[in-house]
Amino acid sequence: MPFRTLNSRHIVDTLERLADRVKERFPDASLNNVVAELIELANRDERRTQRLARPYFALRAGTLSAIVAAIGALIYMGYRLLNTMEVENGRLDIFSVFAGVEAGLNIVILAAVAIFTLSRIEERLKRSLALDDLHELRSVAHVVDMHQLTKDPTALLRLGPRTVSSPDREMSEFELSRYLDYCAEMLSLAGKIAALYAQNSRDPVVIASVNDIETLTSNMASKIWQKIMIIRSGRNGETEPVLEQI
């Protein structure tokens, strides 16, 4: 079902095409380094999400072994208890019965703890790996946002004089629009990389973290598109109404 799941390879291919577009349009911009870092993360996360989707057979074999050992121990204790009762010639030794029951309960409790611990190890290992990768994606999203932060479209309108600390603004309207659009695309693709983890996991903690990143990148991209709309409106002589809406 190719149209029901995200294809990590298509995300990487889209990022690589975006990197070519950024390099061709802005060969000296530091944004090239950011998109290269995002590609590296996407390639690594492609492998990791595939690994997270596979079970850890060694841990599951350990869990199965603990279950088998617990069942075997209970059978053995039951057998010993029956033999003890037979030695007493049918006389029920209440202390022997209690000792056998207590030993059986101890085995059940220890086996349950071992099985629960082993079953949670796989989930925690996968969660830790996923959350580390998602944290890096969140950091990259903030780096992209920093790159567009000083790209003020209203400066193109020359509404006031520059100050000594004003950043250099040498881009034309078209260049600034393209730069902002590239930033918005990078944020959207970062959200799609994060979505791969939710696609291959049922862990509620991982899914919640993915949702947070998607919300973050969507909000950042929305702010960028507000800037792009200011540029387009200014080009059409409609700056004031757009500024009032924002």
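Laboratory data are not the source of any read-out in this text; all were calculated from the coordinates shown. Quick caveat, the model's predicted, so the values are computed rather than measured. Note: ideal-geometry Cβ built from the backbone for every residue, glycine included; neighbour counts use all protein chains shown.
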Q | Cβ-based net charge around Leu216, under 12 Å, with every Lys or Arg adding one and every Asp or Glu removing one | A | -1
**Q.** Cα-derived Rg over Rh, computed across the range 5-46 with Rh taken as Kirkwood radius
**A.** 1.02
